1. Kindly provide the set of residues from segment 57-81 that are within 16 Å of residue 95 (Cα to Cα) and either in contact with a strand residue (DSSP E or B) (Cβ under 9 Å, 6 or more places away or on another chain) or part of a loop (DSSP other than H, G, I, E, B) (or both), ordered by number.
2. Where residues in segment 92-112 are touching a strand residue (DSSP E or B) at 6+ places or on another chain (Cβ under 8 Å) and part of a helix (DSSP H, G or I), which of them is nearest to residue 37 (Cα to Cα)?
3. Go through segment 113-122 and give me each residue that's crowded, with 16+ Cβ neighbours inside 10 Å and not in a loop (DSSP other than H, G, I, E, B).
4. Give 88, 96 a once-over and let me know the one that is touching a helix residue (DSSP H, G or I) at 6+ places or on another chain (Cβ under 9 Å), surrounded by fewer than 14 Cβ atoms within 10 Å (Cβ to Cβ) and at pLDDT below 95.
């Protein structure tokens, strides 16, 4: 499993390939809340039990594809919109999901993200306010 996180000890952004890895900057384990079975019932970095999943695709590329389809619709009599819709469907089916912790925004890529729930805007706003208040 690939994990992208901000190390809780030295606050450097790092990417590791397993839960046994150490932070390359401070040489400490960035997973103080790791469960023995290495499941994502809680975030191994901050201990938060609220995680969500979404498709691991760059939104800017998706918006760019959509804009090209809409702009070219005039000359293609709307056929480009059908092509963009089909392309979007293929991308949606082919891209894996990424799990994200609401609290520390750590990203998890791999098979373990499958049982996570979908994005919840209320939880996202709650944890965003918690992060903003903590930064003050």
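1. 57, 58
2. 112
3. 113 - this is the single residue of segment 113-122 that is crowded, with 16+ Cβ neighbours inside 10 Å and not in a loop (DSSP other than H, G, I, E, B).
4. Among 88, 96, only 96 is touching a helix residue (DSSP H, G or I) at 6+ places or on another chain (Cβ under 9 Å), surrounded by fewer than 14 Cβ atoms within 10 Å (Cβ to Cβ) and at pLDDT below 95.
The values are calculated or read from the model by the stated rules, or taken from the named source; none is laboratory data. Nothing here was measured: the structure is a model prediction, and the numbers come from that model. A quick note on method: Cβ atoms are made from the backbone with ideal geometry, for glycine too, and the neighbour counts reach across all protein chains shown.
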